[in-house]
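Input: a single structure, listed below in structure tokens.
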Amino acid sequence: MSDDKFDVIVVGAGLAGCTAAFLMAQAGMETLVIERGNFAGAKNMTGGRLYAHSLEAIFPGFADDAPVERCIVHEKISFMDETSSVTLDYASTASGSPAERSYSVLRSRLDPWLAEKAESAGAVFVTGVRVDDLLVRYGKVCGVIAGGEEMEADMVILADGVNSLLGEKLGMVHTVTPHHCAVGVKEVIELGRQKVNDRFGCCDKDGAAWLFAGMPSAGYMGGGFIYTNEDSISLGVVFGLHNTGRSAKSVPQMLEDFKNHPTVRPLVEGGKLVEYSAHVVPEGGMEMAPKLVGEGVLIVGDAAGFCLNAGYTVRGMDLAVASGKAAAVAAINAWQRADFGASSLSVYERELDGSFIMKDLRLYRKLPSFLDNRRMYNDYPAMATGMMKDLFTVNGPSRPLRKKMIPHLKKAGFMNLIKDGWKGVRSI
Amino acid sequence: MNTRVNVDVKLGVNKFFVDEGNPHIEIAENPSLQEYAKLEAACPAGLYRRDEKGAVRFDYAGCLECGTCRILCGKTIVKRWEYPNGTFGVEFRYG
Ligand SMILES: Cc1cc2nc3c(=O)[nH]c(=O)nc-3n(C[C@H](O)[C@H](O)[C@H](O)COP(=O)(O)OP(=O)(O)OC[C@H]3O[C@@H](n4cnc5c(N)ncnc54)[C@H](O)[C@@H]3O)c2cc1C
Ligand code: SF4
């Protein structure tokens, strides 16, 4: 290290930043991570399901050591209207292959673990410091400015999350538009391990993921979720921001009404709210992709829009980890060649292209627009619950089943069902 | 459905280090009320409010730093949106 200059500065100690830092430090690069929160993860929240494959590739068997909450073995999806719901339920055992598993996680516990790994590998962490700007000379990023002080480096990795103010300042990231994102609100509700087990039909260490469509997001794009943690649950609502102003309900109200729904209420009863959090979710996928590589700079994780709305789940954490890894490969390569220019760093784009990130982003390219269809959140949940109601209601002489069901299909519209079914299949 | 949700009670369980007298979000003087209504509906912390007389009242303490207001009405209402200074703002213990 020449004077105070680092080989690389990483802005943001989320999963993307910490992963990159770990790998670069391990390879021998002088690595500095700057995080505005008081510790890695202090500012971060997520819905709660980490698909293990990305971390597993870097730390085989990580879940034995990392503070994950429960291994997800129980999946539920509910379609709900204001007062009722229909649920699909799938139960299994944990996959024999660790890379196929997924875990519920809490970021203020997981991120510090990853940061510690990076620290043990030699990365230097400075927490409680906000980076205000980037140091740019002759069109090349060569450090950061924080608290009026300059800190130099050969290159910078922006891992500063979905509101990447720094990426915008550089002109690499487009300002996120309401069309390309949703807001997620979440409560962590303490129940105790036994109640979690009993209410979600799980044993210790095993957990459930439960998604809800329809009523939670007031009939607009979005949905509700519950993930079981060790002795609490993470419960939340995601709402596509471009529909703001159309719904009569406020976002906090959606969460409250969701919690009071007859399907959800018994699950949370007697629980104690221990945290209320919110975060924007990038959902534009390829459509909001920024310029990923610049002179002396790379953009990773949510800051790069690497997040997938796959309909039944939001996926960003495994992409954050994998993009951090791809950036580290490029950075190490650049460092070995002592060339931190954009063309040298473009190895990053090649790494991404070869990884599941770009494949999945391409695969799901059309999904957000397909999902932005009010029938999904109104007509179809109403159709499902209506059918069930008629099926289970006895109030006199019975009518043939077919006669009970057809009106519900008619109400949703045969043509719509066919059209949406067709488009749905084609969008993935 | 039931009574209006009281977000303040929820914020009360969070850990905040408020940077007194140093707001990280500033809003325009006379915002369009139509735009403002979007923020009243969307801000998860319920910080965009109106008093009895209908005058806008925004308080940055309690901000969850989600970025929603910046994205929704950035140019029209939110004059300045930054993250709080290092060490300040919300601190998640679970996340
Ligand atoms: C409600 C919700 C549910 C979700 N559910 C899931 C899910 O179930 N599964 C899944 O895989 N993904 C989910 N996601 C997405 C996932 O949470 C994100 O994709 C992931 O957190 C991105 O990680 P990151 O490291 O890129 O960014 P972040 O975790 O946002 O980290 C960015 C870091 O940068 C720091 N920072 C920012 N600016 C500065 C600055 N100027 N100076 C210093 N530090 C700075 C921040 O403090 C933060 O620590 C969900 C998201 C939300 C909001
Ligand atoms: S950043 Fe989020 S919580 Fe903070 S004021 Fe804006 S909308 Fe509300």
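The values are calculated or read from the model by the stated rules, or taken from the named source; none is laboratory data. Since we're looking at a predicted model, the values are computed, not measured. No Cβ is skipped: glycine too gets one built from the backbone with ideal geometry, and neighbour counts run over all protein chains shown. Just the protein is used for accessible areas: all its heavy atoms, side chains included, with ligands, DNA and RNA removed. Shrake-Rupley method; radii C 1.70, N 1.55, O 1.52, S 1.80 Å.
The conditions of being more than 9 Å from chain B (Cβ to nearest Cβ) and open to solvent by less than 50 Å² (accessible area, probe 1.4 Å) are not met by A:ALA146.
If you scan the stretch A:37-71, which residues turn out to be of a type in the set (Val, Ile, Thr) and buried (at least 19 other Cβ atoms within 10 Å of the Cβ)? The answer is A:THR46, A:VAL68.
Remark: pairs (first residue in the stretch A:8-29, outside any helix (DSSP H, G or I); second residue of a type in the set (D, E, K, R) and surrounded by fewer than 24 Cβ atoms within 10 Å (Cβ to Cβ); Cβ separation under 8 Å; 6+ apart in sequence or on different chains) = A:VAL8/A:GLU30; A:VAL8/A:ASP154; A:MET29/A:ASP7. Among the residues of the stretch A:219-252, the ones that are over 20 Å from B:ILE71 (Cα atoms) and either in contact with a Cys (Cβ under 6 Å, 6 or more places away or on another chain) or among the charged types (D, E, K, R) (or both) come to 2 in all.
Checked against (1) crowded, with 24+ Cβ neighbours inside 10 Å; (2) outside any strand (DSSP E or B), A:GLY207 passes all but condition (2).
Of all residues in the stretch A:254-282, exactly one satisfies the criterion of being more than 22 Å from the chain's Cα centre (by Cα), charged (D, E, K, R), within 20 Å of A:ASP198 (Cβ to Cβ) and in a helix (DSSP H, G or I), namely A:ARG265.
Do we have any residue at all in the stretch B:42-62 that's surrounded by 16 or more Cβ atoms within 10 Å (Cβ to Cβ), at positive phi and more than 10 Å from ligand 2 (Cβ to nearest atom)? No, there is no match, as no residue in the stretch B:42-62 is surrounded by 16 or more Cβ atoms within 10 Å (Cβ to Cβ), at positive phi and more than 10 Å from ligand 2 (Cβ to nearest atom). For the stretch B:13-34, filtered to residues that are at the interface with another protein chain (Cβ under 9 Å from one of its Cβ atoms) and not β-branched (Val, Ile, Thr), the residue that is surrounded by the most Cβ atoms within 10 Å (Cβ to Cβ) is B:ASN14.
In the stretch A:163-174, is there at least one residue being in contact with a strand residue (DSSP E or B) (Cβ under 9 Å, 6 or more places away or on another chain), within 16 Å of ligand 2 (Cβ to nearest atom) and without any contact (Cβ under 8 Å) to a residue 60 or more places away in the chain? The answer is yes; a qualifying residue exists. Checking the stretch A:170-179 against the condition returns no match, with no residue being more than 12 Å from chain B (Cβ to nearest Cβ) and open to solvent by less than 10 Å² (accessible area, probe 1.4 Å).
Taking (1) over 24 Å from A:PRO112 (Cβ atoms); (2) within 11 Å of another protein chain (Cβ to nearest Cβ) in turn, B:VAL90 satisfies each apart from (1). Applying the set (1) more than 13 Å from ligand 2 (Cβ to nearest atom); (2) of a type in the set (A, V, I, L, M); (3) over 30 Å from A:PRO67 (Cβ atoms); (4) at pLDDT 95 or above to B:VAL13 leaves exactly one unmet item: (3). Selection of the stretch B:1-10 for residues being within 7 Å of chain A (Cβ to nearest Cβ) and at pLDDT 95 or above yields B:VAL7, B:LYS10.
Per the conditions (1) more than 9 Å from chain B (Cβ to nearest Cβ); (2) open to solvent by 30 Å² or more (accessible area, probe 1.4 Å); (3) closer than 25 Å to A:ARG109 by Cα, the sole criterion not satisfied by A:LEU273 is (1). The test for being crowded, with 20+ Cβ neighbours inside 10 Å, at the interface with chain B (Cβ under 9 Å from one of its Cβ atoms) and either under 23 Å from A:ALA57 (Cβ atoms) or of a type outside the set (D, E, K, R) (or both) does not hold for A:ARG130.
Among the residues of the stretch B:72-83, which ones are facing chain A (nearest Cβ under 8 Å) and either among the acidic types (Asp, Glu) or open to solvent by less than 10 Å² (accessible area, probe 1.4 Å) (or both)? B:GLU82, the sole residue that qualifies.
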